[in-house]
Amino acid sequence: MSLQSHRELEATREKLRLLEERYEATKREQGGDEHVRELSMRSLKRLINQLREEIARFESRSSLRTHGG
């Protein structure tokens, strides 16, 4: 995935916010299958990190373009 526009950037930031909220909610959950919760948290964390990286790459490219790099 590679962000191409500021609109995509904003949508990705919103997805990131929702994933972070879900991660925190999953962390606080009680009961249920601990193993399933751990796997869910790993998956959420992987997605969170992927979106953070995409945002950082886009912002870096944007910064280079606006500063003549």
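The values are calculated or read from the model by the stated rules, or taken from the named source; none is laboratory data. This is a predicted model, so every value here is computed, not measured. Reconstructed Cβ throughout: ideal geometry from the backbone, glycine too, with neighbour counts over all protein chains shown. Side chains are part of the model used for accessible areas, which takes the heavy atoms of the whole protein and leaves out ligands, DNA and RNA. Shrake-Rupley method; radii C 1.70, N 1.55, O 1.52, S 1.80 Å.
Just a few scattered comments:
- Qualifying residue in the range 53-67 (condition: of a type in the set (Ser, Thr, Tyr) and open to solvent by 90 Å² or more (accessible area, probe 1.4 Å)): yes
- Candidates LEU9, LEU47, LEU3, filtered to the one that is at pLDDT below 95, touching a Leu at 6+ places or on another chain (Cβ under 8 Å), surrounded by 11 or more Cβ atoms within 10 Å (Cβ to Cβ) and among the aliphatic types (A, V, I, L, M): LEU3
- Residues (outside any loop (DSSP other than H, G, I, E, B) and surrounded by 10 or more Cβ atoms within 10 Å (Cβ to Cβ)) located in the range 25-35: ALA25, THR26, LYS27
- For the range 40-53, the criterion of being free of Cβ contacts under 8 Å to residues at least 12 places away in the same chain, part of a helix (DSSP H, G or I) and among the aliphatic types (A, V, I, L, M) is met by no residue.
- Residue match in the range 28-39 (condition: under 11 Å from the mean Cα position of the chain (by Cα) and charged (D, E, K, R)): no
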